[in-house]
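Asker: What follows is a single structure, and I will ask about it in a moment.
We did not get these values from a lab; they are worked out from the coordinates using the rules stated. Since the model is a prediction, treat every value here as computed from it, not as a measurement.
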């Protein structure tokens, strides 16, 4: 089978997490900022879209070349054998981005690339005038960085964070792949308990359950490759059946707690849609009153901060309550995503490690409190 040069995109700071996930799926990788590269067949395109929990998209790199002027850009794009990629009626929007390059006008770059493709397809299909673009969707991307151009075909379509289980959003939830990435930064593998004391719409607990039960996160959705006319449609069906055969029972409890019963109901709906409602213990309780006999696991939370909690004093009081109650569970490693740089002083303990991240455009820190019996 033909092998493609593939790459995944991801949120800033999660390159190593995605690379590790790809290694666990059996791929050799190379990493740069915002991208992890690997090679694979059509089956691997399906497999990675189905199974990657932490990436944004899986793309086929069609061509890489130097381009410092529009003539070169046009000619290099025109030289691609577009008839093997795009049918005559393909709908092919071109997204463009340029960073630190001589060709810096993104609308201009998109326009030239689109023109080159249209002209080449018109020549290949012996057609005059406009192409209909009334058929299936083939999302293309042109990216220039330091005058190196990469043109790619997106095989995912909607970002991979759109699993398909989260119908009710409630408040400002974490994206599913962001939540999975945070969990992958902990020792959690499903064999020990996990508690989310401020679960909101339940994303962290649900993603943990999917990991613990070995459920492929792409099980509920379609991908862009499903509509590529040259793609083997049987692969998705077969690999989805195989993925479902690998689901296992959860080995340890997962708790999802929140003070707000109405948002817990939303979390339950989402968990039901993901097929893990019976695997998560939902409890209405304030973080200051949370009590458990569970031991040797992970506590992970995305407490209210920034725009989610306008009253800064209330946020600080909450962090103090968290420290007063949760620190006594000293057999748990604990992880908190917080937008307040003074979190440690209110929580009452300095983190073992602090990781800088961005939740959307919001600068946050992932505070990590490790314990000696950490099971990783």
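Asker: With both partners inside the chain, how many of the DSSP beta bridges are antiparallel, as a percent to the nearest 5?
Answerer: Details: 38 of 59 bridges.
Restricted to the chain, the bridges split so that about 65 percent are antiparallel.
Asker: So if I take the centroid of the Cα atoms in the range 1-70 and the same for the range 164-223, what is the distance between those two points in Å?
Answerer: Going from one Cα centre to the other spans 22 Å.
Asker: Against the longest alpha carbon principal axis of the chain, how many degrees, from 0 to 90 and to the nearest 10, is the axis of helix 15-24 turned?
Answerer: 90 degrees
Asker: Moving on. Rounded, prolate or oblate: which fits the range 255-299, taking a ≥ b ≥ c as square roots of the Cα gyration tensor eigenvalues, rounded meaning a/c under 1.5, else prolate when a/b beats b/c? Walk me through the numbers on the way to the answer.
Answerer: Details: a/c = 3.05, a/b = 1.32, b/c = 2.32.
Because a/c hits 1.5 or more and a/b fails to exceed b/c, the range 255-299 counts as oblate.
Asker: In addition: Give me the Å³ per residue figure for the convex hull around the C-alpha atoms of the range 70-221. Numbers along the way, then the final one.
Answerer: Working: hull volume 25.5 nm³, N = 152.
Normalising the Cα hull of the range 70-221 by residue number yields 168 Å³.
Asker: Same structure, new question: Scattering from the C-alpha atoms of the range 4-154 alone, worked out with Debye: what is log10 I(q)/I(0) at q = 0.12, 0.21 1/Å?
Answerer: So the normalised log intensities work out to -0.54, -1.29.
Asker: Volume per residue, Å³, of the convex hull around the alpha-carbon atoms of the range 240-343? Don't jump to the answer; show the numbers that get you there.
Answerer: On the way: hull volume 14.8 nm³, N = 104.
Per-residue hull volume (Cα only) is 142 Å³.
Asker: What do you get for the angle between helix 106-124 and the principal long axis of the chain? Use alpha-carbon atoms, 0 to 90 degrees, nearest ten.
Answerer: Roughly 50 degrees between the two axes.
Asker: Only helical DSSP H runs with n ≥ 4 go in: add -39500 (n - 2.57) per run for the chain, normalise by residue count and round the 222 nm mean residue ellipticity to 500 deg cm²/dmol. Present the calculation step by step, with values, prior to reporting the outcome.
Answerer: Values: 10 runs with 114 residues, N = 376.
Helix-only estimate at 222 nm: -9500 deg cm²/dmol.
Asker: Moving on to the next point. So what does the Cα-only Debye profile of the chain read at q = 0.09, 0.11, 0.13 Å⁻¹, as log10 I(q)/I(0), no solvent term?
Answerer: Computed log10 I(q)/I(0) values: -0.59, -0.82, -1.05.
Asker: Quick one: divide the alpha-carbon radius of gyration of the range 69-121 by 2.2 N^0.38 Å and tell me what you get.
Answerer: On the way: Rg = 11.4 Å, N = 53, 2.2 N^0.38 = 9.9 Å.
Against the compact-globule rule of thumb, the ratio is 1.15.
Asker: Using a Gaussian network for the chain with springs between C-alpha atoms less than 10 Å apart, which of these wobbles most: 297, 129, 218?
Answerer: Residue with maximal mean-square fluctuation among 297, 129, 218: 129.
Asker: So, one more: Taking the 0 to 90 degree range and rounding to the nearest ten, how far is the long axis of helix 261-273 tilted relative to the main principal axis of the chain, both from C-alpha atoms?
Answerer: 50 degrees
Asker: So what is Rg over Rh here for the range 148-238, counting just Cα atoms and using Kirkwood for Rh? Walk me through the numbers on the way to the answer.
Answerer: Working: Rg = 16.0 Å, Rh = 15.2 Å.
Ratio of gyration radius to Kirkwood radius: 1.05.
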